[in-house]
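Beneath this line is the structure, given in structure tokens, with notes to follow.
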Amino acid sequence: MSKPNLSAEVLISALEQAIDATVIIDDQNHVIFFNSAAENLWGLDRKDVLGQNVNVLVPAQQRSGHDAFVNRSRASGQDRIVGTSREVEFTRSDGEYICGELSLSKVVTHDKRVFFMGVMKNVTNESQQRKILILQNDVLQALASDMMIQDVADLLCRRVESFVPGTVAVLMLITADGQLRVLSSPTLPKRYRTSLESLYISSSELEKLRVDPNYATRLVWDSYRSLGISLGLQQCFCTPVCTRSGQVKGIFALYAREDQGRNTWPQRIVDSCIPFCALAFEQNATQEHISHLANFDSLTGLLNRSSVHKVIESMINKQDGNRQFAIFMLDIDRFRDINDALGHVYADQFLVEIAARIRAIALDGYVISRSGGDEFVVVVPNCPTKEATEFAERLLATIAKPMQIGQNTLTISCSIGISTYPDNGPDSESLLSTADVALRQAKENGRGTFRFANLEKNQVAQDRLVLGSALRDSLAKGMLNLHYQPQVRTHTLELSGVEALSRWHHPTLGNIYPSRFIAVAEETGQIEAIGRWSLLEACRQIVKWDRDGIHVPTVAVNLSAVHFRNRALPEHIAALLKDHDLKPARLTVEITESVMMDNSRDTEEVLQSIRNLGCGLSMDDFGTGYSSLSRLTRLPLTEIKIDRSFINEFEHDTNAQAVTMAVIGIGSRLGMTVVTEGVETEQQWRLLEELNCDVMQGYLFAKPLAPDDLEKWVRQHKTIREIMPTTPSAKNVSDKKILAHCFNSLIFQ
């Protein structure tokens, strides 16, 4: 088959009819072919292009270096740009934005002249759609990450400006009172921004924007055209932003620095941004609504309790040197009767009216809050005692005026507690707490009156606040420690075990007694953490003593009633024992009478589960409360401890001796070990031995000791035992005197 004869005429005719723009340049970069599709794409007549340098088809900003670029490629002989395609953006002669996909071919003639042919496919729509999708993806991701609306607006405007060079993007929000507020304008001249933000849009203008989007141009461009042109802005493309409900919430505008002619791309991208802007506005409104719910009382519109805390803290942190203020905590007397008599609907109306009355007498700068129920807080700046008294009296009189609620006329009273900064506390928590204490004092004194915070009466509450905070910090930093008080068998004086007792030395507060910080821990919810720490520390210490050759048979750890309501406690104890490879009998858990009196099924099951592990269960301070003998028989106890209060006058009080003897007898018959606390004299020891008490604990033998000191005590105790008769008789008083003397001579006493 013969090779087809493709003449130049055939090839040129085929290229002329191609649907894609085709351009051929010679070795001097002159255009020698320009088909009809190229005429349509560039909007140029071929007679104005043929014979011209190809740079007439190149965007103006690239023309100066275009020849050098083509010549380098021609001279290098490398075909880096041949056989590839790339996207090219330019403006057609009529101003229309065009995006084309350019591919190049190279032809080398027999005399080594290099010609290039370029084929340009119009991909304007595809390119614009891709950019809109990129914009949509970026904005939706920003909204999904809960980015603030100002940041979303910045992202949107900067992206639009990069897609439409030579423009300034502006997103404007219309506030509730009609003011135009610029959310973002990264490159908008400041004078123009100031002019826009001075604009207030009336309700009639909002309606015009809703029905006629073109009205936006009149508002943000026509009225300011002269100023815009003086600042280098030539044209504006804008559209109102409407939410799904049809409300106009803002305007998105794109200002061009050059006249865009017939270019439709700026308006297209503005129109494409409107759904994103509407979504951003709706999300912002939702966030503001959530913020309002989080900071304001939904019934009265006043600040809620958390917000008033923030306001008080900000007033305390002011740097103007004038930070004195008073806090009035107001509570309606017998509000429950009003609620029960009128019902919730009328009671709510009542509270709204109370809020309105407080507002009516509050001056500018006063902070009003409904902190819960029928409790209101008013913060008055610059309020010394005299002014505070006058305002409190005015509050009482205002609230006491007759009030019509439904068909009922009510005359009510209120009580007020007043605290002042800085006299009554360093922070919002302590100030509100002292005002609350003063409020309770006002109610106790007959209601319908006010009381100032009393520093002495508030000391307990302040102490609780300070200690609670310091305790939480100390617990986190490991500043608590355990001391251990020995327990000895009455007849042989052998070490029976030790009781673990929490100790706290604070670097600034000093030594704090357990009676203080344990109560604070229970009130502030930290007691459970202290209990878990005590169990862990006790297990660690047993292991260390064993490693050092010090045998402590068992360690008793006190736990609060809170622990025994937690069904996970037995599992936690079992895990600790397993982790430290300890036999359960090495650990005794002490419970209080409040646990004993708790009839809940959970508590009973937790106690039984601990006992099933093999751990001891000790009833602490037996006889000081309302111990039930029937409960004593049902609980899985292994030990009861007689409180030290029975031993204080034990030698002389026959009643105390009788009760002690009865408890020892009960414990013995129930198979429990009986431990007596607070043994301090030899005579107490002798009497307890005669009553057959099992174990003693007290200063006669040792005070609570640090772990290292207990180790020394155990070694010394062993030495003392060695010098004593092998089997001391219960009647051998002289032997016991010698042993008591040895105990009293120990360096740890």
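The values are calculated or read from the model by the stated rules, or taken from the named source; none is laboratory data. This structure is a prediction, so every number in the text was calculated from the model and none was measured. Glycine gets a Cβ as well: all are built from the backbone with ideal geometry, and neighbour counts include every protein chain shown. Surface accessibility is based on the protein's heavy atoms, side chains included, excluding ligands, DNA and RNA. Shrake-Rupley method; radii C 1.70, N 1.55, O 1.52, S 1.80 Å.
Which ³J(HN,Hα) values, rounded to whole Hz and listed in residue order, are derived for region 537-552 from phi using the Karplus coefficients 6.51, -1.76 and 1.60 in 6.51 cos²θ - 1.76 cosθ + 1.60 with θ = phi - 60°, glycine and proline given as x?
Coupling constants for region 537-552: 5, 5, 5, 4, 5, 4, 4, 5, 4, 4, 5, 8, x, 9, 9, 10 Hz.
Based solely on its DSSP helices, what 222 nm [θ] is calculated for the chain when runs of n ≥ 4 H residues each add -39,500 (n - 2.57) and the sum is averaged over all residues, nearest 500 deg cm²/dmol?
-14000 deg cm²/dmol
Sort Arg268, Arg516 from largest to smallest accessible area, using a 1.4 Å probe on the heavy atoms of the protein chains.
So, going from the largest accessible area down, we get Arg516, Arg268.
Round to the nearest 0.05 the FRET efficiency obtained for Ala476 and Lys190 when R0 = 51 Å and r is the Cβ-Cβ distance. Mind dumping the intermediate values first?
Details: r = 50 Å, r/R0 = 0.98.
Given R0 = 51 Å and the Cβ-Cβ separation, E is 0.50.
By how many nm would the segment from Ala285 to Asn692 grow when fully extended, if each residue of separation counts as 0.36 nm and the alpha-carbon distance is taken off?
Net length gain for the segment: 138.7 nm.
Send over a whole-number figure in Å² for the accessible area per residue of region 155-262, probe 1.4 Å. Write out the running numbers ahead of the final one.
Values: 5180 Å² over 108 residues.
Ligands and nucleic acids excluded, the result is 48 Å² per residue.
What is the Cα centroid distance between region 560-577 and region 201-241, reported in whole angstrom?
Rounded to whole Å, the Cα centres lie 70 Å apart.
Which entry is the computed Cα Rg over 2.2 N^0.38 Å for this structure: (1) 1.09; (2) 1.64; (3) 0.96?
(2)
Quick one: Karplus J couplings for region 695-712, per residue in order, coefficients 6.51, -1.76, 1.60, θ = phi - 60°, nearest Hz, x for Gly and Pro?
9, 10, 8, x, 5, 4, 9, 5, 7, x, 10, 5, x, 5, 5, 5, 4, 5
Quick one: which residues, 5 or more positions from Glu494 or on another chain, have an amide H under 5 Å from its amide H? H modelled 1.01 Å from N in the peptide plane, none for Pro or chain starts.
Arg489
Set the Förster distance to 25 Å, then compute FRET efficiency between Ser203 and Val352 from the Cβ-Cβ distance, nearest 0.05.
Result of the calculation: an efficiency of 0.35.
Give me the percent of accessible area attributable to carbon and sulfur for the chain, probe 1.4 angstrom.
C and S fraction of accessible area: 50 percent.
Give me the percent of DSSP beta bridges within the chain that run antiparallel, rounded to the nearest 5. If you can, show how the numbers build up before the last one.
Numbers: 84 of 109 bridges.
Rounded to the nearest five, the antiparallel share is 75 percent.
Once you charge only the Cβ atoms, +1 for Lys and Arg and -1 for Asp and Glu, what is the size of the charge dipole of region 169-273 about its Cα centre, to the nearest 20 debye?
For this selection, approximately 180 debye.
Quick one: which of Lys106/Lys131; Lys544/Lys712; Lys47/Lys121 span more than 20 angstrom between C-alpha atoms?
Details: Lys106/Lys131 32 Å; Lys544/Lys712 14 Å; Lys47/Lys121 22 Å.
Where the Cα-Cα span goes over 20 Å, the pairs concerned are Lys106/Lys131; Lys47/Lys121.
How high is the FRET efficiency from Met403 to Ala519, r the C-beta distance, R0 56 Å, rounded to 0.05? Don't jump to the answer; show the numbers that get you there.
Details: r = 43 Å, r/R0 = 0.77.
Calculated transfer efficiency: 0.85.
In what sequence, largest accessible area first, do Lys310, Lys703 appear using a 1.4 Å probe?
Final ranking, largest accessible area leading: Lys310, Lys703.
Show which aspartates and glutamates lie in cross-link reach of Lys208 when reach means a straight Cα distance below 19 angstrom and same-chain residues fewer than eight apart are skipped.
Answer for Lys208, where 19 Å is the Cα cut-off: Asp177, Asp222, Asp271, listed by chain and number.
Mind checking the dipole of the chain: about its Cα centre, +1 per Lys or Arg Cβ, -1 per Asp or Glu Cβ, Debye to the nearest 20? Show your work: numbers first, answer last.
Working: 78 positive and 91 negative charges, 237 e Å.
That gives the chain a dipole magnitude of about 1140 debye.
Applying the Karplus parametrisation 6.51 cos²θ - 1.76 cosθ + 1.60 with θ = phi - 60° to the phi angles of region 512-525, what ³J(HN,Hα) value in whole Hz is obtained for each residue in order, glycine and proline being reported as x?
10, 5, x, 4, 7, 7, 5, 5, 5, 4, 5, 6, 9, x
Going by alpha carbons, how many degrees (0 to 90, nearest 10) lie between the helix axis of 455-476 and the longest principal axis of the chain?
Between the helix axis and the principal axis of the chain, the angle is about 70 degrees.
I'd like to know which of His30, Leu396, Gly166 lies farthest towards the positive end of the charge dipole of the chain, counting +1 on Cβ of Lys and Arg and -1 on Cβ of Asp and Glu.
So the residue we want is His30.
Dipole of region 533-652, Cα-centred, from +1 at each Lys and Arg C-beta and -1 at each Asp and Glu C-beta, to the nearest 20 debye?
About 400 debye.
For Arg394 paired with Asp546, estimate the spin-label separation in nm (one decimal), with each label point 7 Å from Cα along the Cα-to-Cβ line.
For the pair Arg394/Asp546, the computed spacing is 7.4 nm.
Can you compute the modelled spin-label distance between Ser85 and Glu651, with each label point 7 Å from Cα toward Cβ, in nm?
Distance between label points: 11.0 nm.
When the chain is fully extended, how far beyond the present Cα-Cα distance does Thr264 get from Asn612, taking 0.36 nm per residue of separation?
Taking 0.36 nm per residue and subtracting the Cα distance, the gain is 117.0 nm.
Working out 0.36 nm times the residue gap between Ala585 and Phe69, then minus their Cα-Cα distance, what length gain in nm do you get to one decimal?
Answer, rounded to one decimal: 176.7 nm.
May I ask you to order 97-104, 64-71 by the average number of other C-beta atoms within 10 Å around their residues, highest value first?
97-104, 64-71
Order Met596, Met479, Met661 by their accessible area, 1.4 angstrom probe, all chains in place, largest first.
Met661, Met479, Met596
Testing the spin-label approximation: label points 7 Å from Cα along Cα→Cβ at Asp364 and His110. State their distance in nm.
Simple spin-label model gives 9.7 nm for this pair.
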